[in-house]
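Here is the structure we will look at.
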Amino acid sequence: MKRAAKAQSSGLAEYQSRRDFTRTPEPAAGGGPSGTGRRFVVQRHRARALHYDFRLEIDGVLVSWAVPKGPTLDPGVRRAAIHVEDHPLSYYDFEGVIPAGQYGGGDVIVWDAGTWQPYPADADPARELEAGTLHLDLAGEKLKGRFVLVLTKKEAAKKEQWLLFHKHDEQAVEGWDPEDHPASVLSGRTNEEVKAHPERVWQSNRGPVGEALDALGQLGGAGRWEAFGREVAVTNLDKVLFSGSGSEPAVTKRELLEYAARIAPVVLPYLTGRAINLHRYPDGEATPGFWQRHLPAHAPGWLERWASPDGGTSLVISEPAALLWAVNNGGVEWHAWTSATGAPDLPGYALIDLDPGEGTSWEDVLVLARLHRTALEHLGLSACAKTTGRRGIQIWVPIAPGPTFDEVRAWVAQLSTAVGAVVPELVSWQWQREDRAGRARLDYTQNAQHKTLVAPYSPRAVTGVTVSAPITWAELDDPHLDPGLFTIRTMPGRVEAAGDLFRPVQRHDQQLPEL
Ligand code: MN
């Protein structure tokens, strides 16, 4: 249990880092302690997955768990409860709509609230939680009687897994289902009603985060863009390339260039010194994309070039302006080689590509990712995970140059075969997609010189323009994790708050151990 009992501000750092308070109506901080100091609230939250947020007021914050199936009075049922970040006391009466695209986007109602007491009454709740068991008496409108919270699983870099259940007492009700009691105790409304008429919708007159791209904003539909010390010719700036997801506005070429300019300093370390294959979509989603592995003759002379082994001339993005040039030429997706131009036969990463089939759910992808996480932990290897921006997850293991692509591919094949054997119902080893019966493929064949994986932070050419988003290992346990929420509109704010989560793959000093 990692929690700052007294230093309220530091206890809320994680809560604050995950949210953009110019966009969400959730409170940033604040809220005075109650007279008793022992309030509780349960919020029914329809995020990507429905869950109930169970929060106890302890030492000036709301200590919180996400309970996917909700608390119940039925003493025969134990509910999984995932410990999540502390929330400010002012969250106690939060009811409203978190905008799509924000952390935890969805509608929230105050499903139950009241006071609680530890049992025995003189117990120190913070200490009990540290020890992994808290007995508590709830006095809410729906939840009453004695409950127990028990820590079942605590592993580094993962969310703590707890169980929440009701004791056999006078308040216990067999067969009691929280979904049969859907109304807010604050407003009497259901989630559906709050969603239809949210009282607190985000309204902000503040501008977007990040540096204003004045020079780009001053250009009409085309012109010479002064950016990063170069003059880049840009065209068709107001052309719509992709429709927005949901009610989001469409994405123009100008907005894509803005994103490229904002993210360039972050993504550049993953591109520099490597040849790049651009997946070009000059007409956005209107026409199919095509690959461009070689630079056209008309490309400006200042771009870095590399004579690749296949006889062509490849682009190397070694400065931000080169990325802008690529995007202006339709290079929506950025796929860099995994070997450096100086040693093209030596891969810099072992790549684990979790490629979902038609029947693979997001939860299945997470199961596969968590199994690989466990395997890599056991092997003592540092690695990073990222969403692909579509439905998959990739894990990159940085390695010291040495083994060949064949050797690295064989290593990943062995690892993934062992992992896949744990969940044979989720995985197919068939080569052809149609032979896989909808199951996922653990695609070790990506470890080849001529294959490239999408770079971290690269946009994807889909509605809403999602992004391949680095994630923490703990986020694999987060019921809010939704790859569709990482877009060119949300990623700059996430990087500002969380930093570059992919940074550990830049070390390149690891050896792959014997399996
Ligand atoms: Mn929640």
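The values are calculated or read from the model by the stated rules, or taken from the named source; none is laboratory data. Keep in mind that what you see is a predicted model, and the values were worked out from it rather than measured. Cβ coordinates were reconstructed from backbone atoms using ideal geometry, including for glycine residues, and neighbour counts include every protein chain displayed. When the accessible area is computed, the model is the full protein with side chains, heavy atoms only, and any ligands, DNA or RNA have been set aside. Shrake-Rupley method; radii C 1.70, N 1.55, O 1.52, S 1.80 Å.
Gly284: closer than 14 Å to Val465 by Cα and buried (at least 21 other Cβ atoms within 10 Å of the Cβ), yes or no? Yes: the conditions hold for Gly284. Checked against the criterion of being more than 16 Å from the ligand (Cβ to nearest atom) and open to solvent by 30 Å² or more (accessible area, probe 1.4 Å), the candidates Ala461, Ala469, Ala498 yield just one match: Ala498. Beta carbons closer than 6 Å, at least 6 apart along the sequence or on distinct chains, pair a first residue in the range 51-64 that is near the ligand (Cβ under 10 Å from one of its atoms) with a second that is basic (Lys, Arg) and assigned to a strand (DSSP E or B) for Tyr52/Arg44; Ser64/Arg55. Quick one: which residue in Val194, Val185 is farther than 26 Å from Thr287 by Cα, at pLDDT below 90, assigned to a loop (DSSP other than H, G, I, E, B) and of a type in the set (A, V, I, L, M)? None of the other options fit; the residue is Val185. Which ones in the range 327-385 are open to solvent by 30 Å² or more (accessible area, probe 1.4 Å) and of a type in the set (Asp, Glu)? Of everything in the range 327-385, those that are open to solvent by 30 Å² or more (accessible area, probe 1.4 Å) and of a type in the set (Asp, Glu) turn out to be Asp345, Asp355, Glu358, Glu363, Asp364, Glu377.
Return a yes/no flag: does the range 113-133 have any residue that is within 23 Å of the chain's Cα centre (by Cα), within 16 Å of the ligand (Cβ to nearest atom) and part of a strand (DSSP E or B). No, because not a single residue in the range 113-133 is within 23 Å of the chain's Cα centre (by Cα), within 16 Å of the ligand (Cβ to nearest atom) and part of a strand (DSSP E or B).
Per the listing Leu476, Leu481, the residue uniquely outside any strand (DSSP E or B), surrounded by 17 or more Cβ atoms within 10 Å (Cβ to Cβ) and within 16 Å of the ligand (Cβ to nearest atom) is Leu481.
Screening Val77 on (1) closer than 26 Å to Leu481 by Cβ; (2) of a type outside the set (S, T, N, Q); (3) open to solvent by 20 Å² or more (accessible area, probe 1.4 Å); (4) part of a strand (DSSP E or B) shows it passes everything except condition (4). Might you let me know whether the range 391-399 holds any residue that is under 27 Å from His279 (Cα atoms) and either among the charged types (D, E, K, R) or surrounded by fewer than 22 Cβ atoms within 10 Å (Cβ to Cβ) (or both)? Yes: one or more hits.
Can you find even one residue in the range 446-454 that is of a type in the set (Val, Ile, Thr), surrounded by fewer than 20 Cβ atoms within 10 Å (Cβ to Cβ) and over 20 Å from the mean Cα position of the chain (by Cα)? No, the range 446-454 has no match at all.
Among the residues of the range 424-445, is there at least one that is of a type in the set (A, V, I, L, M), on the phi > 0 side of the Ramachandran plot and surrounded by fewer than 21 Cβ atoms within 10 Å (Cβ to Cβ)? I'd like the intermediate steps shown before the answer.
Step one: of the range 424-445, the residues of a type in the set (A, V, I, L, M) are 426-427, 437, 440, 442.
Now restrict to residues that are on the phi > 0 side of the Ramachandran plot: 437.
Pick out the ones that are also surrounded by fewer than 21 Cβ atoms within 10 Å (Cβ to Cβ) and you get 437.
There is at least one residue in the range 424-445 that is of a type in the set (A, V, I, L, M), on the phi > 0 side of the Ramachandran plot and surrounded by fewer than 21 Cβ atoms within 10 Å (Cβ to Cβ).
Tell me which residues, restricted to the range 210-259, are part of a loop (DSSP other than H, G, I, E, B), in contact (Cβ under 8 Å) with a residue 60 or more places away in the chain and under 15 Å from Gly331 (Cα atoms). Spell out the reasoning first.
If we filter the range 210-259 for residues that are part of a loop (DSSP other than H, G, I, E, B), which is where we start, we get 210-213, 219-222, 228-229, 235-239, 243-250.
Next cut, in contact (Cβ under 8 Å) with a residue 60 or more places away in the chain only: 210, 228-229, 235, 243-248.
Of everything in the range 210-259, just one residue is part of a loop (DSSP other than H, G, I, E, B), in contact (Cβ under 8 Å) with a residue 60 or more places away in the chain and under 15 Å from Gly331 (Cα atoms), namely Thr235.
With respect to Leu303, determine if the residue is in contact with a Phe, Trp or Tyr (Cβ under 8 Å, 6 or more places away or on another chain) and surrounded by 21 or more Cβ atoms within 10 Å (Cβ to Cβ). Taking the combined requirement at face value, the residue does not satisfy it. Taken together, the residues in the range 429-455 that are among the small types (Gly, Ala, Ser) and in contact with an Asp or Glu (Cβ under 7 Å, 6 or more places away or on another chain) amount to 2. Looking for something touching a Pro at 6+ places or on another chain (Cβ under 9 Å), within 22 Å of Gly188 (Cβ to Cβ) and either crowded, with 20+ Cβ neighbours inside 10 Å or modelled with pLDDT of 95 or more (or both) - is there at least one such residue anywhere in the range 123-136? Within the range 123-136, none of the residues are touching a Pro at 6+ places or on another chain (Cβ under 9 Å), within 22 Å of Gly188 (Cβ to Cβ) and either crowded, with 20+ Cβ neighbours inside 10 Å or modelled with pLDDT of 95 or more (or both).
What residue, of Leu295, Leu323, Leu315, is surrounded by 17 or more Cβ atoms within 10 Å (Cβ to Cβ), assigned to a helix (DSSP H, G or I) and not acidic (Asp, Glu)? Show your work before the answer.
Values: Leu295 fails: assigned to a helix (DSSP H, G or I); Leu315 fails: assigned to a helix (DSSP H, G or I).
Among Leu295, Leu323, Leu315, only Leu323 is surrounded by 17 or more Cβ atoms within 10 Å (Cβ to Cβ), assigned to a helix (DSSP H, G or I) and not acidic (Asp, Glu).
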